[in-house]
Amino acid sequence: MLEVKDLHVTVEGSEILKGLNLTVNPGEVHALMGPNGAGKSTLSAVIAGKDGYEVTSGEVLFEGKNLLEMEIEERALAGILLGFQYPVEIPGVKNIYLLKAALNAQRVARGEEEIPAPEFMKLVREQLSFMKMDGSFLQRAVNEGFSGGEKKRNEILQMLVLQPKLAMLDEIDSGLDIDAMKVVAEGINSLRNADRAILMVTHYERLLEHIVPDRVHVLVDGRIVKSGDKNLANELEARGYEWVLEESAA
Amino acid sequence: MASQEMEELVQREYTQGFVTDIESDTVPPGLDENTIAFISNKKGEPEWMLEWRLEAYRQWLTMTTPSWAHLDYPPIDYQAISYYSAPKKQEDKPQSLDEVDPKLLETYEKLGIPLHERAALAGVAVDAVFDSVSVTTTFKEKLAEAGVIFCSISEAIREYPELVRQYLGSVVPQGDNYFAALNSAVFTDGSFVYVPEGVECPMELSTYFRINAANTGQFERTLIVCDKRAQVSYLEGCTAPQRDENQLHAAVVELVALEDANIKYSTVQNWYPGDEDGKGGIYNFVTKRGDCRGDRSKISWTQVETGSAITWKYPSCMLRGKDSVGEFYSVAVTNGRQQADTGTKMIHIGEGTRSTIISKGIAAGRSDQAYRGLVKVGPRAKNARNFTQCDSLLIGDRCGAHTFPYQEIGNSSATVEHEATTSKIGEDQLFYCQSRGISEEDAVNMIVNGFCKDVFQELPMEFAVEAEALLNVTLEGAVG
Ligand SMILES: Nc1ncnc2c1ncn2[C@@H]1O[C@H](COP(=O)(O)OP(=O)(O)OP(=O)(O)O)[C@@H](O)[C@H]1O
Ligand SMILES: [Mg+2]
């Protein structure tokens with residue numbers, strides 16, 4: 001589904017990704033770990049199409065299509081959705097309005113009709129209660145005044161409504177209390193199916209107890225230096241990154 | 001002007017020796033006392049009205065154009081303007097929509113203007129395309145039943161001279177400013193509204209205007225009087241871009257609210273701003289002022305300004321009555337090479353008067369806009385309160401927004417709060433929306449409309465929807 005091949009990316013003159021390779025197949029959950037500043041957020045931003053990143057070489061393919069030639073919204077419409085670490089506030093724009101615009105953009109791109117209002121409300125209300133969110137969140141401006149944890153829930157709510165093929169989540173677990181962590185994890189787990197892939201950036205093994213990954217990768221200094229199954233996360237939790245660095249240097 | 005010349009002008013016998021033929025429908029360009037007499041005569045005005053106009057004209061001669069506004073435009077040659085012309089003859093107009101600028105038609109389409117209104121707005125020669133006569137008649141009957149007077153200012157001068165005489169110029173005196181003086185001397189169009197004591201006007205005075213919008217004049221004069229405990233909501237303008245042969249527009253609007261009266265005045269203004277270089281655009285110099293004359297009266301201005309090459313306008317409130325309330329909600333959008341200098345004045349005179357100012361400015365392209373707000377609290381205005389918030393949103397980096405708040409506080413018990421922000425449309429906000437599959441253009445519209453929400457919610461419902469569409473069209477291509 002997603003193939004990243006020897007990707008080199010420069011930000012403001014300095015190279016951040018230095019030949020990154022990653023393949024994610026449908027149905028899989030991948031966890032991306034690694035020290036601060038390694039390039040994890042950069043990778044997800046480049047996949048989503050954010051400005052300011054210069055791809056100097058390499059390829060990113062999504063279902064065989066060259067992602068790097070597509071506009072941001074085209075990538076989203078193709079089924080890629082990025083859950084932000086710090087979701088931005090948009091004053092005056094109702095949360096429900098954004099949701100509906102996003103869903104309708106998808107449907108129109110697929111040649112379908114816009115969703116009828118009652119159907120949309122039903123869908124949203126279901127997912128909202130699944131995320132244990134109050135109805136008032138729909139009427140509030142996008143992320144405005146939301147607490148850190150509420151913003152994260154809202155990101156997952158969008159995923160539940162938009163049903164992406166590839167969900168990328170950047171540190172979705174940061175800033176969540178214990179209960180919220182469970183709710184968010186349940187939300188993500190409910191997305192799991194044979195056709196969908198999930199790529200999660202995280203620092204903590206905790207999240208992976210709730211959402212058991214198929215693959216765990218360690219990203220260090222712009223490259224994936226080690227991959228393994230869920231046990232790798234336990235090992236990292238216990239031993240830190242030092243040994244991985246040594247191993248990869250050897 | 002030398003005082004001797006001035007003297008001669010004043011002395012000249014204007015009722016005789018017309019240079020222009022009374023029977024003709026148009027006066028040649030130029031302005032002198034004869035021109036004014038001609039206009040007054042054409043309109044069948046009483047003697048006092050002519051005197052009033054001439055007084056204004058004489059004051060105008062002694063005045064100079066305001067130079068302090070944050071605007072840049074070539075001097076206007078007032079002798080090159082024709083001050084009276086009858087409606088254009090059918091054969092001079094475009095004969096069908098095929099002859100009209102396709103871009104304009106495209107815009108109508110985007111705004112969802114009904115087909116039958118498009119031709120009229122574009123100035124096409126049409127025989128009764130729509131049933132305006134009967135619609136107007138229905139309105140008139142309903143209003144008459146309620147005792148509301150709503151007619152053209154010329155008709156009012158003829159039919160209700162006492163009312164007009166009592167209130168005309170009582171809010172904006174003839175010599176108030178350069179453009180108001182010019183307007184007072186030569187105005188030919190405009191409306192008059194009188195809502196009698198205790199009457200709540202049974203409808204928004206709006207639909208009427210959509211239909212007649214194509215006939216807006218160059219020097220309009222509007223006078224709205226709300227008697228004790230009366231209420232009216234008045235809508236001016238039209239979301240459809242209007243072209244006009246006349247580059248200069250200088251309107252005057254006067255509102256009078258007596259005890260416990262409530263006037264809501266909403267404007268959506270979308271004059272043709274000119275081409276990309278600003279050529280052919282309208283200069284819009286407007287004096288709008290409301291007088292809260294009675295205790296507990298309220299005047300609320302809401303405006304959405306998107307058109308014009310140059311806009312100069314400051315709807316203001318004189319808060320005279322005890323506990324009277326003034327409000328100003330404004331969205332101004334400039335794109336291309338437009339210039340706007342807008343704002344408001346809240347003059348607190350009476351005790352316990354309150355005012356609210358919410359101004360949202362959006363600048364894109366190479367446009368430039370200024371907000372200028374004066375809050376003045378007089379010595380008698382005990383416990384006066386004002387809250388001002390002005391926010392500017394910049395799209396791109398070749399545009400500018402400036403805020404000039406002025407405060408003159410003459411009573412120490414007054415509370416005056418001012419908040420101002422300037423932000424660039426956030427790349428992070430755009431990325432967020434786009435990464436949800438929303439196109440850049442839709443994302444900009446969404447963010448801008450969100451930014452303006454506080455003002456849009458003050459507009460009557462149907463206007464609010466149109467205003468949003470209008471904003472989107474105005475900002476088309478502003479990003480990227
Ligand atoms: N816009 C930018 N300008 C300059 N440097 C940048 C920019 N964006 C990212 N970087 C740099 O790129 C490197 C990788 O950043 P990135 O955010 O991808 O790291 P990360 O792996 O997500 O780290 P963390 O675990 O702390 O979130 C960092 O050194 C960061 O400072
Ligand atoms: Mg990061």
| request: Determine whether residue A:105 is within 9 Å of chain B (Cβ to nearest Cβ), in a helix (DSSP H, G or I) and either in contact (Cβ under 8 Å) with a residue 12 or more places away in the chain or within 16 Å of ligand 1 (Cβ to nearest atom) (or both). | output: yes
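With the structure loaded, tell me whether residue A:245 is within 16 Å of ligand 1 (Cβ to nearest atom), on the phi < 0 side of the Ramachandran plot, away from chain B (no Cβ under 14 Å) and crowded, with 18+ Cβ neighbours inside 10 Å or whether it fails that test. Break it down into steps so the answer makes sense when it comes.
Details: within 16 Å of ligand 1 (Cβ to nearest atom): yes; on the phi < 0 side of the Ramachandran plot: yes; away from chain B (no Cβ under 14 Å): yes; crowded, with 18+ Cβ neighbours inside 10 Å: no.
When the stated conditions are applied, residue A:245 does not pass them.
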| remark: For the range B:325-350, pairs from a residue that is at positive phi to a residue that is of a type in the set (Phe, Trp, Tyr) and part of a strand (DSSP E or B), with Cβ under 8 Å and 6 or more apart or across chains, are B:343/B:371; B:343/B:404
| Which numbered condition residue A:144 misses (of (1) in a loop (DSSP other than H, G, I, E, B); (2) away from every other protein chain (no Cβ under 14 Å)) | (2)
| query | Name the pairs whose Cβ atoms lie under 8 Å apart, with the first residue in the range A:33-46 and assigned to a loop (DSSP other than H, G, I, E, B), the second within 8 Å of ligand 2 (Cβ to nearest atom) and among the charged types (D, E, K, R), and 6 or more positions between them or separate chains? | reply | A:34/A:40
| said: Exactly one condition in (1) modelled with pLDDT under 95; (2) out of contact with any Lys or Arg (no Cβ under 7 Å at 6 or more places or on another chain) is false for residue B:435; which is it? | reply: (1)
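Looking only at the range A:85-94, which residues are within 25 Å of residue A:173 (Cβ to Cβ), buried (at least 18 other Cβ atoms within 10 Å of the Cβ) and either of a type in the set (A, V, I, L, M, F, W, C) or more than 11 Å from chain B (Cβ to nearest Cβ) (or both)?
Kept after step one, since they are within 25 Å of residue A:173 (Cβ to Cβ), are these residues of the range A:85-94: A:85-90.
From what's left, buried (at least 18 other Cβ atoms within 10 Å of the Cβ): A:85, A:87, A:90.
Within the range A:85-94, A:85, A:90 meet the criteria.
Of the residues that sit in the range A:47-63 and are without any contact (Cβ under 8 Å) to a residue 60 or more places away in the chain and within 16 Å of ligand 2 (Cβ to nearest atom), which one is farthest from the other protein chains (Cβ to nearest Cβ)? Let's see the steps before the verdict.
Of all residues in the range A:47-63, those without any contact (Cβ under 8 Å) to a residue 60 or more places away in the chain come to A:49-61.
Filter once more, so that each one left must be within 16 Å of ligand 2 (Cβ to nearest atom): A:50, A:52-53.
On the way: A:50: 6, A:52: 9, A:53: 12 Å.
Out of the qualifying residues, it is A:53.
Within the range A:68-84, count every residue that is in contact with a strand residue (DSSP E or B) (Cβ under 8 Å, 6 or more places away or on another chain) and surrounded by fewer than 20 Cβ atoms within 10 Å (Cβ to Cβ).
Residues of the range A:68-84 that are in contact with a strand residue (DSSP E or B) (Cβ under 8 Å, 6 or more places away or on another chain), as a first pass: A:68, A:75, A:78-84.
Those still in the list that are surrounded by fewer than 20 Cβ atoms within 10 Å (Cβ to Cβ) too: A:68, A:78.
Selection size over the range A:68-84: 2.
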| Selection within the range A:175-227 - within 16 Å of ligand 2 (Cβ to nearest atom) and either within 18 Å of residue A:160 (Cα to Cα) or free of Cβ contacts under 8 Å to residues at least 12 places away in the same chain (or both) | A:199, A:200
| query | Taking interchain pairs and intrachain pairs at least six residues apart, which have beta carbon atoms under 7 angstrom, with the first residue in the range A:64-84 and free of Cβ contacts under 8 Å to residues at least 40 places away in the same chain and facing chain B (nearest Cβ under 8 Å) and the second aliphatic (A, V, I, L, M) and outside any helix (DSSP H, G or I)? | reply | A:73/B:438
| field | For residue A:223: the one exception among (1) more than 16 Å from ligand 1 (Cβ to nearest atom); (2) within 30 Å of residue A:54 (Cβ to Cβ); (3) of a type in the set (Lys, Arg) | value | (1)
| Failed item, numbered, when residue B:181 is tested on (1) at pLDDT below 95; (2) closer than 16 Å to residue B:284 by Cα; (3) buried (at least 18 other Cβ atoms within 10 Å of the Cβ) | (1)
| message | One residue is enough: does the range A:207-214 have a residue meeting the conditions away from chain B (no Cβ under 14 Å), under 21 Å from residue A:186 (Cα atoms) and within 16 Å of ligand 1 (Cβ to nearest atom)? | response | yes
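The values are calculated or read from the model by the stated rules, or taken from the named source; none is laboratory data. Here the structure is a predicted model, which is why all the values come from computation and not from measurement. Cβ atoms come from the backbone with ideal geometry, glycine included; neighbour counts cover every protein chain shown.
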